[in-house]
Amino acid sequence: MSHPSTYNPNSGLEKWLDARLPILRLAHDSFVDFPTPKNLNYWWTFGGILTVCLVIQIITGIVLAMHYTPHTSMAFDSVEHIMRDVNYGWLMRYVHANGGSMFFLAVYIHMFRGLYYGSYKEPREVLWMLGVVIFILMMATAFMGYVLPWGQMSYWAATVITNLFSAIPLIGDDIRTLFWGGFSVDNPTLNRFFSLHYLLPFAIFGVVMLHIWALHVPGNNNPTGVEVKDVKKDTVPFHPYYTVKDGFGIAVFLVLFAAFVFFNPDGLGHPDNYIKANPLSTPASIVPEWYFMPFYAILRAITFDLGPISSKLGGVIAMFSSLLILFVLPWLDRSKVRSMRYRPAARLWFVIFVVACIALGVLGGLPAEGRNVLYAQIATAYYFGFFLIILPLLGIMETPKPLPRSIADAVLNKHKPEAASGGAQPAPAE
Amino acid sequence: MTTSDDTEDGEPTRREFIHIMAGVTAAAGAGATLWPLVDQMNPDASVLALSSKEVDVSAIAVGQAIKVMWQGKPVFIRHRTAEEIAEAEGTALSALKDPSARNENLAADADAEDANRRVDPNWMIVVGVCTHLGCIPLGTSSGENRGDYNGWFCPCHGSHYDIAGRIRRGPAPDNLDVPPYEFLSDTVVKIG
């Protein structure tokens, strides 16, 4: 949270720099003495984990670009060259490829944490919206990166996704041609995807800076959702308390990361992507990477026409809406209570929401036939119903449990029987 | 009410005129700068030069079909049997999901009866790209799944096309496109 600067330049050099560019002051006030709620749990370590993920992707990506050739006749072979010939090339590529999956795993946990603890609510709406922007940029970057190895899945994923845009009335075909630079996915497409795949991570980095800035104005939310009332009692300095806690979370996360890289590096990929792209033959089933499957399931769930909207356009609208709806979430959830710890009904609906998202993820990887279509339609309906109907209604109808008076109160009463912050006895209202 | 920038009769002053002109010039300049940056992404001359192709179809026996590449996309050329022609011509328009011919050789409002889908009844020539999300339907090579209507079947999301390339069942919205083509002789067809 915004707080008076506590930085004291010690040496003459620090004083000299502080009068000209107070960058050490900014770093000290943001990451050393920053007052942080004392009750953050391990779900809060994913911000730090995500920063590490972004840095890993940028470093390994820069290295891979030194050996990769963005041309349809050479791209596939240059990736095999990286795997077989380049010193440690196999390591760089496997870290980069699995790093994408780890990045999305962490971002989904980060987003569900924000949903559960109401981190998107006033005064953190802009913080949340910047996060959604980062998520959408991540999806665009990951999609274009997946095309670069020019395997069968690369080629057909590019074909299917760029064809989505042709569903837009009037200008759809022109937009698609602009993506392709021709009449189908071909060398111009590969070249521009490579260019943008290199650019977008730096755009993400910029928005991450804004995201951290927007975080440091109101300060962290916390598991109680109660604002900091007394900086002395409710907070601890970021360093060493959360540098150490985040560091431990990052270390555990990297163990999982390394387990994939070293013991099952292709486990999250698709074997068809080790077949070179063939524009004349579509693989028997086209499956996106696991982190896109929930959205792919929503796309395919719209199998019916809605008035003038064809099923194809309807699917595209539903898929993009499922992302864009996150931007207005702060205004859909009307409840004043942030944390679902104190919202018994919301907590139940939230658990069903997580189940629906996982179900969509599973269904996105299965053939869209028979029962699967119906299940995907039910899960899609719940996904939108949760945001558009359940959250707005709960804000009016739900009776939340009594909130703790302060963060310090919640922490100190945690281990006492019949804590004032919950239980059967209603605590005095604020 | 008049401000210091307006003349008595409400006309813009000399200063306002200069502001408007400067703004319009800057906007035009910005547009002229932006357009090359967008247009460079459109197909270039070397891509457009590959826009037509001649194919010798004399080796395709009755009942067979081939795939050729045209503009980076596959084109299916099927030599239809007499029964297949009869089946296609006997299909009622009411049974079709998309009533439009989708034939670039004809006007846009032509209906999808078999006669509007081909030049010569023996030859069915369509762009082999599913109109749903761009996969290549199966059914051209012998032994492939031809779907429930004996034409083509898209494995990605289960669209069934009939022997005239018309969508009959599944998520695809349109019939397969008929590319612009003409027979230069009995055995050579020029696509594009």
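The values are calculated or read from the model by the stated rules, or taken from the named source; none is laboratory data. A quick note: this is a predicted structure, and the numbers were derived from the prediction, not measured. Cβ: placed from backbone, ideal geometry, glycine included. Neighbour counts: every protein chain shown.
Is it true that A:Met129 is in contact with a helix residue (DSSP H, G or I) (Cβ under 9 Å, 6 or more places away or on another chain), under 30 Å from A:Trp43 (Cα atoms) and either surrounded by fewer than 21 Cβ atoms within 10 Å (Cβ to Cβ) or facing chain B (nearest Cβ under 9 Å) (or both)? It is true that A:Met129 is in contact with a helix residue (DSSP H, G or I) (Cβ under 9 Å, 6 or more places away or on another chain), under 30 Å from A:Trp43 (Cα atoms) and either surrounded by fewer than 21 Cβ atoms within 10 Å (Cβ to Cβ) or facing chain B (nearest Cβ under 9 Å) (or both). Restricting segment A:152-175 to residues that are polar (S, T, N, Q) and more than 19 Å from B:Val47 (Cβ to Cβ), which is farthest from the other protein chains (Cβ to nearest Cβ)? Of everything passing the filter in segment A:152-175, A:Ser154 is farthest from the other protein chains (Cβ to nearest Cβ).
Scanning segment A:124-175 for residues that are hydroxyl-bearing (Ser, Thr, Tyr) and touching a residue at least 12 places away in the same chain (Cβ under 8 Å) returns A:Thr141, A:Tyr146, A:Ser154, A:Tyr155, A:Thr159, A:Thr162. Restricting segment B:162-182 to residues that are in a strand (DSSP E or B) and within 14 Å of chain A (Cβ to nearest Cβ), the residue that is nearest to A:Leu299 (Cα to Cα) is B:Arg169.
For (1) modelled with pLDDT under 95; (2) in contact with a Gly (Cβ under 7 Å, 6 or more places away or on another chain); (3) at the interface with another protein chain (Cβ under 10 Å from one of its Cβ atoms); (4) at negative phi, each residue gets a yes or a no:
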residue	(1), (2), (3), (4)
A:Trp150	no, no, no, no
A:Ser195	no, no, no, yes
A:Ile204	no, no, no, yes
A:His211	no, yes, no, yes
A:Asn222	no, no, no, yes
A:Asp230	yes, no, no, yes
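In segment A:383-415, which residues are surrounded by fewer than 16 Cβ atoms within 10 Å (Cβ to Cβ), farther than 16 Å from A:Lys336 by Cα and modelled with pLDDT under 95? Passing the criteria: A:Leu412, A:Lys414, A:His415.
Determine whether B:Gly63 is surrounded by 10 or more Cβ atoms within 10 Å (Cβ to Cβ), in the same structural domain as B:Ser141 (by TED's automatic domain parsing) and among the small types (Gly, Ala, Ser). Spelling it out, B:Gly63 is indeed surrounded by 10 or more Cβ atoms within 10 Å (Cβ to Cβ), in the same structural domain as B:Ser141 (by TED's automatic domain parsing) and among the small types (Gly, Ala, Ser).
Reported count of residues in segment A:264-287, each being among the acidic types (Asp, Glu) and either modelled with pLDDT under 90 or within 16 Å of B:Thr131 (Cα to Cα) (or both), is 0. In this structure, does A:Ser78 turn out to be of a type in the set (Ser, Thr, Tyr) and at pLDDT below 95? Spelling it out, it is not the case that A:Ser78 is of a type in the set (Ser, Thr, Tyr) and at pLDDT below 95.
Being touching a residue at least 40 places away in the same chain (Cβ under 8 Å) and in a helix (DSSP H, G or I): is that true of A:Ala376 here? Answer is yes for this residue. Checking each residue in segment B:110-142 for being in a loop (DSSP other than H, G, I, E, B) and away from every other protein chain (no Cβ under 14 Å) picks out B:Ala110, B:Ala112, B:Glu113, B:Arg117, B:Arg118, B:Val119, B:Asp120, B:Pro121, B:Asn122, B:Ser142. Set side by side, the residues A:Ile82, A:Ile49 differ, and just one is surrounded by 15 or more Cβ atoms within 10 Å (Cβ to Cβ), within 30 Å of A:Pro223 (Cβ to Cβ) and assigned by TED's automatic domain parsing to the domain that holds A:Asn191, which is A:Ile49.
The residue pairs whose first member lies in segment A:248-268 and is within 25 Å of A:Gly47 (Cα to Cα), whose second member is loosely packed, with under 13 Cβ neighbours inside 10 Å and among the small types (Gly, Ala, Ser), and whose beta carbons are closer than 8 Å, counting only pairs six or more residues apart or on different chains, are A:Phe260/A:Gly267.
Conditions tested, residue by residue: (1) over 26 Å from A:Leu363 (Cβ atoms); (2) within 12 Å of chain B (Cβ to nearest Cβ).
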{"residue": "A:Ile286", "(1), (2)": "no, yes"}
{"residue": "A:Pro330", "(1), (2)": "yes, no"}
{"residue": "A:Arg341", "(1), (2)": "yes, no"}
{"residue": "A:Ile352", "(1), (2)": "no, no"}
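Residues that are within 13 Å of another protein chain (Cβ to nearest Cβ), among the β-branched types (Val, Ile, Thr) and in contact with a helix residue (DSSP H, G or I) (Cβ under 9 Å, 6 or more places away or on another chain) are absent from segment B:61-81. Each residue in segment A:288-308 was checked for being away from chain B (no Cβ under 11 Å), touching a helix residue (DSSP H, G or I) at 6+ places or on another chain (Cβ under 6 Å) and at pLDDT below 90, and 1 pass.
Hey, could you check segment A:52-71 for residues that are aliphatic (A, V, I, L, M) and closer than 17 Å to A:Asn87 by Cα and say which is surrounded by the fewest Cβ atoms within 10 Å (Cβ to Cβ)?
The extreme case among them is A:Met66.
Within segment A:176-191, being in contact (Cβ under 8 Å) with a residue 12 or more places away in the chain and either touching an Asp or Glu at 6+ places or on another chain (Cβ under 8 Å) or within 11 Å of chain B (Cβ to nearest Cβ) (or both) holds for A:Arg176, A:Phe179, A:Trp180, A:Ser184, A:Val185, A:Asp186, A:Asn187, A:Thr189, A:Asn191. When you go through A:Phe248, A:Phe183, A:Phe194, A:Phe257 one by one, which is the residue that is touching a Leu at 6+ places or on another chain (Cβ under 7 Å) and of a type in the set (Phe, Trp, Tyr)? Only one candidate qualifies: A:Phe194.
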